[in-house]
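One structure below.
The values are calculated or read from the model by the stated rules, or taken from the named source; none is laboratory data. Please read these numbers as outputs of a predicted model, since none were measured by experiment. Glycine also receives a Cβ, built like all others from the backbone with ideal geometry; neighbour counts cover every protein chain displayed. Keep in mind that these areas ignore ligands, DNA and RNA; they rest on the heavy atoms of the full protein, side chains included. Shrake-Rupley method; radii C 1.70, N 1.55, O 1.52, S 1.80 Å.
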Amino acid sequence: MAQPARPPAGYPSHNGAGQQPYSNVFSLPGPVQNQLMHSPDGQGYSPSVPGSYSHQTPAKVPPHPSLGQYNYSGSQNVSQLNSYQGPGQTLNRPPLAPFSGSPVQQTGPAPQVLLPPLQNSAAISSAGSFPPGATPPVLSNWQYSQAPTSQPLGSQPSHLAHVTGTGSPQPPSSLSGNTNPPGSYQYAASPGGPPLQNSYMKPGSAPPPVTQPLTPLHPPARPPLGPPPVGGPPLIRPSTLTAGPPNTQSLLNSTASREGDATSAASDGAAVQNSYDALEGGGLTATSHPSPAPPNVKMNRSVGYSYPALPPGYQNTSAPGAPGMQASALQYPDGSKHFHQPALGTNHLSASMGALSLQQEGLRPVNLLQERNILPTTLLKAPVPNLHEDIQKLNCNPELFRCTLTNIPQTQALLNKAKLPLGLLLHPFKDLSQLPVVTSSTIVRCRSCRTYINPFVSFLDQRRWKCNLCYRVNDVPEEFMYNPVTRVYGEPHKRPEVQNATIEFMAPSEYMLRPPQPPVYLFVFDVSHNAVETGYLNTVCQTLLDNLDLLPGNTRTKIGFITFDSTIHFYSLQEGLSQPQMLIVSDIEDVFIPMPENLLVNLNENKELIQDLLKALPQMFTKSLETQSALGPALQAAFKLMSPTGGRISVFQTQLPSVGMGALKSREEPNQRATAKDIHLTPSTDFYKKLALDCSGQQVAVDLFLLSGQYSDLASLGCISRYSAGSVYYYQSYHHKHNPVQVEKLQKELKRYLTRKIGFEAVMRIRCTKGLSIHTFHGNFFVRSTDLLSLPNVNPDAGYAVQMSVEESLTDMQVVSFQSALLYTSSKGERRIRVHTMCLPVVTTLSDVYLGADVQAITGLLANMAVDRSVSATLSDARDALVNAVIDSLSAYRSAVLSIQQPGLTAPSSLRLFPLYVLALLKQKAFQTGTSTRLDERIFTMCQVKNQPLVYLMLMTHPSLYRVDNLTDEGALNINDRTIPQPPLLQLSVEKLSRDGAYLMDAGSVMFLWIGKNCGQSFISQVLGVPNYGSIPQNMTHLPELDTAESIRITAFISWLREQRPFFPILYIIKDDSPLKSSFLQNMIEDRTESALSYYEFLLHIQQQVNK
């Protein structure tokens, strides 16, 4: 079996890379150690002094190997990190002026509010803190360890210092803040949210700022990542589907990563603080620990400093958010007034947990072989955690944050017995209609673990709160005592931060290492003969013209264009030119940037030139006979152009790159598309991954639009987006004449892409209660350290997943919490922090674990894990592991929970759909066998699995089927004066189809409207607008807009379904003799299809294995 591509030397472990030292029968050779990287010359950070951009690339690159030439003989170091502000520097900021905003419960302007005077804190400096402006001496225990560590296979020794204990440093990100100068913050609502409301405080109502003593910046030790599971290595159970499937635990605990990276090793030496952790915090401890790290490092004395505090101001708006950090070290005089713990928070939760009644429905045994109609008639909702109602109403929305098990097992041994994966699925930047946004100088966080204060902390009294993740007791900062919503002093537990599980903070300047990045958009177009033939340039340029004014941004928005065939063409849009000037660079082996100052220009100041270029581009290359494609050099040029500022590159490609760096050769053999040795799921070169890592280091993301009828090696090309936190779009066989439905799809999806909310230079960290450990991440990003995700761009349509384990027994804990924090720069230049917090109960019995199983979340996490297994091992291994996940969990339930052994195949009600969903995964294009799936199509589906939020992934896996020839208004939704029918869901089997009816199948990215031969005449005429069945056109893809009740209902229903998602599903209207009927039947999961079992046959196979 060919090995997957190894990571380039000098790059740390990345998403999907298991970081657990599990033994695994399907692991790649190893275990190999993953370096936690930090280097004076790390991964492509701007060498500029903080606060400035290193603008303007030289017109000609020096002859020796440099940034864009990618002579990767060893570690590729793009630029210096040593200019970033380190731990010994204090950031000063002038006081912020209060601004306008409005309380949640108020409709008019808030009355003038006078805050009580703050305690004089200037003299209360704690040890280790320094006055503003002073530079603290370097702490004596900060060492730079040069201890050698084992290397990933095929890599070279790294010069990068290793990190202490369980944490690891993150290379700095460039972080940004407000476009307005500090001291004059005025905030506008972000795109996608409701307008800002009135201020909680009128200008002038805040007291003067008070300098606070300095608080620790270093987070506490996190639990080491990736503990071994309790018990021995997984067993291998023979399977009748394929030989030698691994046991479930092989999939659940797989160390085999897509790139061959494995565990993280801690080295002897102290934590080296860098800018990511200096801003977001967490994961690092300031004291040395011997290597290997102990199972759970206890909290250490915090070392570090904090920033001056400023008067608070709040607003409740709908807007994007990101993670913030700030804790106050103020010390308060004794004698605060008596404080009554409110009925919310973990104190009340802990007291009330024992009295809760369990919803036993989830445990009801279901005989799957007898109960065939188990699919609910409405869309399945996430299970509700078994918490007190006062706590549950504060919990995070499951659309944003959900766990595979809503009852967390107390020990890893209990989790292992359940044979179910433990993990989280996130949709952190989702568009929200309501989002509380807080602007305050003090973002209250735990001084140890850097958790943001949230609804699940405990207030011990008015002046102290206990962290719900590490249990440290923290002081309540003076500013936090005042609640701007109620305008009452002394009620910190009623502040918005403690009343909302999802909240967004406007981050103060401490969260910035350079001025806010302007929105920069660079478009890179393939203009080879093949590209011109498809006609895509007309669609893309026209869509861009129509939406130029809607690009997220402000007066600083920049835009640029590059086109390429066998040469690279730049476009000077200098002010004063009468028309755009084309500059051609034919030396693709040594790419340089001509006239760099005029290639990325201000959108508002140069709009006419930009519009002229977009109108001219489609015609400029119509007579081109150039068939070569120099995609690699074009991307190198784009990277050089973008690296001074960061931003987004949108590249449109129509064929296999054929010349220059990154040139590829066809690897697809149609007759061997799904053989056991499906090795072409791995990249054929690491050029695109290395370039993506360089892009990530400079805060550049690359989005790939592949419009191709030929094999284009998406397995290799997709790396440019995957590792830079970009997105992949694939339009198979795109042609403006031969495939016109793709034109509409591209138009609609491109409009969404261009106008949706965007966050720049983002980082995300997920924290969990002490005792739990995160060990593997899934999604498009780069893991800068063990737990900090680098996201040069973040968009509202991206999902993420993480795998977890129970590292220490959760004894004496009745609940645990999880918190994700996303720190980003909005398109308006504001630094924001979006925080989601979720609370779940801890259970001690296996039956309770099954009771809280979230079958959709489990399926989504297993799908992500199976993609990694397909790439690191084989497609066959991944399929076997999925099947065994069902066998093992139902076997464990049968042997350990069922008191009376029953005949048949029994599952708890909570997992009754598990076999059906796994069968659906096996029939999905990512994992199905047979030769009908093209390789690029399979890879694209795998990309979707890794990057789509759960709700879209489930729809793509298990489509929804509705009968639509008899729609009524009964139970209909009423949205904006539209009546949306809600027909019941049907099982995916031809048994459920009647020739007398019409059925709509919603498969996520595509819809089918199947018309039965004997469908009613009235439906055909009043909905399809044709006289009879025979008159229905063969290639019909649109419903006519007819003024009939039936037409209005079905049109409203289909439009409503389309509005629920960020991509545009094409509607195909099919009859019995339509060529697309096979695609429709392929989605009938419960029926036998090409080389795949029917649902009933699959259940019999599962039963046979369970009963062994």
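The table below lists the values:
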{"read-out": "Any hit, the stretch 833-850, residues being open to solvent by less than 10 Å² (accessible area, probe 1.4 Å), outside any helix (DSSP H, G or I) and either at pLDDT below 95 or of a type in the set (Lys, Arg) (or both)", "value": "yes"}
{"read-out": "In the stretch 859-915, residue farthest from VAL849 (Cα to Cα) [restricted to those that are touching a Ser or Thr at 6+ places or on another chain (Cβ under 9 Å) and assigned to a strand (DSSP E or B)]", "value": "ALA907"}
{"read-out": "Residue selected from the stretch 1038-1070 under the condition in a helix (DSSP H, G or I), open to solvent by 30 Å² or more (accessible area, probe 1.4 Å) and not charged (D, E, K, R), by the criterion modelled with the lowest pLDDT", "value": "ALA1045"}
{"read-out": "Criterion: open to solvent by less than 10 Å² (accessible area, probe 1.4 Å), touching a strand residue (DSSP E or B) at 6+ places or on another chain (Cβ under 9 Å) and basic (Lys, Arg) - qualifying residue of ARG869, ARG894", "value": "ARG869"}
{"read-out": "Among residues of the stretch 705-753, those that are of a type in the set (Phe, Trp, Tyr) and assigned to a helix (DSSP H, G or I), counted", "value": "1"}
{"read-out": "Residues of the stretch 468-484 classified as among the hydrophobic types (A, V, I, L, M, F, W, C) and closer than 19 Å to VAL438 by Cβ, total", "value": "3"}
{"read-out": "Candidate set: the stretch 972-993, residues that are without any contact (Cβ under 8 Å) to a residue 24 or more places away in the chain and either open to solvent by less than 60 Å² (accessible area, probe 1.4 Å) or part of a strand (DSSP E or B) (or both); chosen: the one farthest from SER960 (Cα to Cα)", "value": "ASN974"}
{"read-out": "Selection from the stretch 943-954 of residues that are open to solvent by 10 Å² or more (accessible area, probe 1.4 Å) and either touching a Ser or Thr at 6+ places or on another chain (Cβ under 9 Å) or farther than 18 Å from ALA801 by Cβ (or both)", "value": "CYS943, GLN944, ASN947, LEU950, TYR952, MET954"}
{"read-out": "The one condition in (1) over 15 Å from ASP431 (Cα atoms); (2) out of contact with any strand residue (DSSP E or B) (no Cβ under 9 Å at 6 or more places or on another chain) that ASP797 fails to fulfil", "value": "(1)"}
{"read-out": "Residues within the stretch 462-494 that are part of a strand (DSSP E or B) and in contact with a helix residue (DSSP H, G or I) (Cβ under 9 Å, 6 or more places away or on another chain), tallied", "value": "6"}
{"read-out": "Some residue of the stretch 772-794 being charged (D, E, K, R) and buried (at least 24 other Cβ atoms within 10 Å of the Cβ)", "value": "yes"}
{"read-out": "Index of the failed condition, GLY553 passing every other in (1) touching a residue at least 12 places away in the same chain (Cβ under 8 Å); (2) surrounded by fewer than 18 Cβ atoms within 10 Å (Cβ to Cβ)", "value": "(2)"}
{"read-out": "Exclusive hit being open to solvent by 30 Å² or more (accessible area, probe 1.4 Å), touching a helix residue (DSSP H, G or I) at 6+ places or on another chain (Cβ under 8 Å) and farther than 30 Å from ARG752 by Cα, set GLU399, GLU371, GLU361", "value": "GLU361"}
{"read-out": "Strands (runs of 3 or more DSSP E) contained in the stretch 567-656 and holding at least 3 residues more than 34 Å from the chain's Cα centre (by Cα)", "value": "581-585"}
{"read-out": "The lone exception for LYS925 - which of (1) within 24 Å of PHE782 (Cα to Cα); (2) among the basic types (Lys, Arg); (3) assigned to a loop (DSSP other than H, G, I, E, B) it fails", "value": "(1)"}
{"read-out": "Pairs, first without any contact (Cβ under 8 Å) to a residue 60 or more places away in the chain and over 21 Å from PRO1062 (Cα atoms) in the stretch 753-780, second part of a strand (DSSP E or B) and open to solvent by 10 Å² or more (accessible area, probe 1.4 Å), C-beta under 8 Å, six or more apart", "value": "none"}
{"read-out": "Selection count, the stretch 926-936, where residues are open to solvent by less than 30 Å² (accessible area, probe 1.4 Å), in contact with a strand residue (DSSP E or B) (Cβ under 9 Å, 6 or more places away or on another chain) and of a type outside the set (S, T, N, Q)", "value": "2"}
{"read-out": "Filtered residue count, the stretch 466-485, keeping only those that are in contact (Cβ under 8 Å) with a residue 24 or more places away in the chain, of a type in the set (Val, Ile, Thr) and surrounded by fewer than 23 Cβ atoms within 10 Å (Cβ to Cβ)", "value": "1"}
{"read-out": "Candidate set from the stretch 736-751 (those that are at pLDDT below 95 and polar (S, T, N, Q)); member that is surrounded by the fewest Cβ atoms within 10 Å (Cβ to Cβ)", "value": "ASN739"}
{"read-out": "Criterion violated by SER433 - all others in (1) surrounded by fewer than 20 Cβ atoms within 10 Å (Cβ to Cβ); (2) farther than 25 Å from ALA821 by Cβ; (3) at pLDDT below 95 satisfied", "value": "(2)"}
{"read-out": "Residues (touching a residue at least 12 places away in the same chain (Cβ under 8 Å) and open to solvent by 10 Å² or more (accessible area, probe 1.4 Å)) located in the stretch 805-825", "value": "GLU807, GLU808, SER809, THR811, MET813, GLN814, VAL815"}
{"read-out": "Which numbered condition LYS828 misses (of (1) over 30 Å from LEU432 (Cβ atoms); (2) open to solvent by 10 Å² or more (accessible area, probe 1.4 Å); (3) touching a residue at least 24 places away in the same chain (Cβ under 8 Å))", "value": "(1)"}
{"read-out": "Residue match in the stretch 543-553 (condition: on the phi < 0 side of the Ramachandran plot, within 29 Å of the chain's Cα centre (by Cα), in a helix (DSSP H, G or I) and of a type in the set (Val, Ile, Thr))", "value": "yes"}
{"read-out": "Contacts under 6 angstrom Cβ, first residue in the stretch 1014-1033 being under 15 Å from ASP996 (Cβ atoms), partner exposed (fewer than 11 other Cβ atoms within 10 Å of the Cβ), 6 or more apart", "value": "ASN1014/ARG995"}
{"read-out": "Residues located in the stretch 754-771, provided they are open to solvent by less than 10 Å² (accessible area, probe 1.4 Å) and either over 28 Å from ILE559 (Cβ atoms) or assigned to a helix (DSSP H, G or I) (or both)", "value": "LEU754, ARG765, ILE766, ARG767, THR769, GLY771"}
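So that you can scan it fast, the table gives a plain yes or no per residue for (1) out of contact with any Asp or Glu (no Cβ under 8 Å at 6 or more places or on another chain); (2) at pLDDT 95 or above; (3) open to solvent by less than 20 Å² (accessible area, probe 1.4 Å); (4) part of a loop (DSSP other than H, G, I, E, B):
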residue	(1), (2), (3), (4)
LEU415	yes, yes, yes, no
LEU420	yes, yes, yes, yes
PHE429	yes, yes, yes, yes
THR442	no, no, yes, yes
ARG447	yes, yes, no, yes
PRO455	yes, yes, yes, yes
